[in-house]
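First the structure, then my questions, so here it is.
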């Protein structure tokens, strides 16, 4: 039996500017989200550990504790984003930068394997924040705060770092991504961002068996179903994650 789809989800907003937090809170609440707020890293980690949010909106320049000063030269928000991803790899993270370009630090997180991340510049319309939340919760990589040229260069660098054994599998999978249905792509992204089968089933309101069937079809359609036999040193899940990330990067750079 199919399960009923859950509500929009829980979002944690971390920003030391109360006015900014309040505005985003009001907007997201109107769209069905349950919203919590924090003004510093320490409070955010306490709330995240207790309430298990589906996503977090993180300002890069925040204080580390409630009484610490804000230092624009320190990327406490990036540090927090890493902590949140370790707490829950499937948590969507929307990172904001107001003044200084921290794109290099965000790209380093991606190199480390983080998925379900958006990097936006402050001042974007609320509708873009809402879409970024949905994208990151589903496991997508959104780098609006980085120029198209930089994204294309980053994608090529990542591709060049693949091993000779990985590269043909991933290049083929990228070409075959358009053959996936919308539902299969959604599940592929969530699986690529380390969400387990039970978690995917709950978030999409379907059974675990349905998720398993979709994953089998995804591997078949992307040409990854024979990896275990033909390249036993490789993992299908890792190849899928890298293919999804590179596809997102190349499409957003077009």
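Computed from the coordinates by the stated procedures, all read-outs in this text should not be read as laboratory data. Remember, it's a predicted structure, so these values are computed and weren't measured experimentally. So basically every Cβ, Gly included, is an ideal-geometry build from the backbone, and we count neighbours across all protein chains shown.
Calculate the spin-label point distance for residue 87 paired with residue 131, positioning each point 7 Å from the Cα along the beta-carbon direction, and give it in nanometres.
The two pseudo-label positions are separated by 2.8 nm.
Sort 151, 121 so the one with the fewest other Cβ atoms within 10 Å of its own Cβ comes first.
By the 10 Å Cβ count, ascending: 121, 151.
A further question follows. So, by mean Cβ neighbours within 10 angstrom, what's the order for 199-206, 112-119, 187-194 with the highest one leading?
Ranked by mean Cβ neighbours within 10 Å, highest first: 187-194, 112-119, 199-206.
May I ask for the angle, rounded to the nearest 10°, between helix 208-221 and the longest principal axis of the chain, with both axes built from Cα atoms and the value confined to 0 to 90°?
For helix 208-221, the angle is close to 60 degrees.
How do 50, 41, 171, 105 rank when sorted from fewest to most other Cβ atoms within 10 Å of their own Cβ?
Lowest to highest Cβ neighbour count: 50, 171, 105, 41.
Please give the helix 148-160 orientation as an angle from the longest Cα principal axis of the chain, in degrees from 0 to 90, rounded to the nearest 10.
That helix lies at roughly 50 degrees to the long axis.
With the Cα gyration tensor of the range 155-252 giving a ≥ b ≥ c as the square roots of its eigenvalues, does the rule (a/c under 1.5 for rounded; else a/b larger than b/c for prolate; else oblate) give rounded, prolate or oblate?
It comes out prolate by the Cα gyration axes.
Please give the residues of the range 42-84, grouped as numeric ranges, whose backbone N is less than 18 Å from a label point set 7 Å along the Cα-to-Cβ vector of residue 104.
Once the point is set 7 Å along Cα→Cβ of residue 104, 60-61, 72-79 turn out to lie under 18 Å by backbone N, inside the range 42-84.
Could you tell me how far the Cα centroid of the range 200-254 sits from the Cα centroid of the range 3-75, in Å?
Each part reduced to its Cα centre gives a spacing of 30 Å.
What are the extents of the Cα atoms of the range 49-165 along their three principal axes, in Å, largest first?
Principal axes ranked by extent give 50, 30, 28 Å for the Cα atoms.
Of the peptides 226-235, 80-89, how do they stack up when ordered by the mean number of other Cβ atoms within 10 Å, highest first?
Per-residue mean Cβ counts within 10 Å order the peptides as 80-89, 226-235.
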